[in-house]
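Reviewing the structure listed below.
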Amino acid sequence: MAQDHEKFDTAMATWQEWQDAPWGRLRYTLAEANLMRHLDEGPGGGPLRILDLAGGDGGDAMRLAAQGHHVTVVDLAPAMLAAAEARAEERGLTERVTCVRADVHALPAEITGGGFDVVLCHNLLQYVDDVPDTLATALAPLKEGGLFSVMAINRHSAPLNIAVRELDPAAALAALDGNRLRNEMFDSDLALHTAEEIIPVLENLGCQDVRHYGIRSFCDYLTDDARKYDPAYYADLERLELATTARAPYMHTARLFQLTARKGTTV
Ligand SMILES: C[S@@+](CC[C@H](N)C(=O)[O-])C[C@H]1O[C@@H](n2cnc3c(N)ncnc32)[C@H](O)[C@@H]1O
């Protein structure tokens, strides 16, 4: 664990800059909107208990805590968790945000036995070797019937992204059958997956009612990034993304996929 977290700890400034950029804001806005389609009230109409695995500095957690839910952020990088704690403090959310330092593959008993209403596993799969094992581990703390949300980079977007942004059809062709993507921010070679591959894994783990959403179906294929900082242009783009997140064929080539599902009784 000692070295695993360093690449995340040292990239905090770049990561936070990415989150504040239009494409970062869209990623969190779309994820939240998709979760809202499925979030029930907690027992007795109260707040939900949400677990954000590999939750980083709490980009999703802050939004959910601001809605009144109790969110536990688990991450292995101390700098990420310190930033999550600082964000919770700034927003007056410390009562509703708990940070736990742990590796997702070695969760403490209070987390695995937590019986959470919702578990998020957003942008972790690209860093792990064994996806089925990671998803089974992530589902363990979720109560039966609870909501699971998993997000990862969409492999289908890689050749399109290269063709459109780098204007390089030869490199796009080479990327058609590739399954890795170099990420400079976290100095990592990321594993790429598709929703079509992950859906059967979830179903084999007993998940039900799996839904597929696309995160950034258009943004990454509009190459004028500077224009996205214009508030009116951004507002139009956000409306377009919200209108297409659950709409075929757009979600199939979006930059990321988000899958929501209910934990079944056989998991
Ligand atoms: C790209 S960030 C995503 C953070 C957050 N889920 C989001 O989407 O904003 C990836 C995070 O996964 C964490 N991480 C990677 N492998 C992990 C593991 N095995 N256990 C816990 N956290 C892990 C890193 O420390 C980092 O904070």
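Table for the structure above
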quantity	calculated
Karplus-derived HN-Hα couplings along region 179-193 (A = 6.51, B = -1.76, C = 1.60, θ = phi - 60°), whole Hz, x at Gly and Pro	9, 10, 9, 6, 10, 6, 3, 9, 6, 9, 9, 7, 7, 9, 10
Helix-only CD estimate at 222 nm, as mean residue ellipticity for the chain, using -39500 (n - 2.57) per DSSP H run (n ≥ 4)	-11000 deg cm²/dmol
3J(HN,Hα) from dihedral phi, region 257-264, Karplus parametrisation 6.51/-1.76/1.60, rounded to Hz, x for glycine, proline	10, 10, 10, 10, 7, 9, 6, x
For N154, distant residues with modelled amide H under 5 Å away	L256, F257
Region 191-267, relative contact order [Cα under 8 Å, separation at least 6], %	51 percent
With at most 15 neighbouring Cβ atoms within 10 Å, loop GluC sites (Glu not before Pro) (DSSP) excluded, longest segment of the chain	42-183
Nonlocal amide H pairs with L142, under 5 Å, H built at 1.01 Å	F116
Mean separation of Cα contacts under 8 Å (6+ apart) over length of region 77-176, as relative contact order %	22 percent
Percentage relative contact order, the chain, counting C-alpha pairs under 8 Å, at least six apart	19 percent
Simple Cβ-charge dipole of region 35-171, Lys/Arg +1 and Asp/Glu -1, about Cα centre, in debye nearest 20	300 debye
Within region 90-164: Cβ-based charge dipole about Cα centre, in debye rounded to nearest 20 (Lys, Arg +1; Asp, Glu -1)	240 debye
Built amide H within the under 5 Å cut-off of C99, gap 5+	V73
Karplus-derived HN-Hα couplings along region 171-176 (A = 6.51, B = -1.76, C = 1.60, θ = phi - 60°), whole Hz, x at Gly and Pro	5, 5, 4, 5, 7, 4
Gyration tensor (alpha-carbon) shape descriptor, region 170-267, a/c threshold 1.5	oblate
Cross-link partners of K263 among lysines (Cα-Cα below 30 Å; sequence separation of 8 or more within a chain)	K143
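All of the numbers you see were taken from the coordinates with simple rules; none came from a lab. All of these numbers come straight from a predicted model, not from anything done at the bench. Cβ: placed from backbone, ideal geometry, glycine included. Neighbour counts: every protein chain shown.
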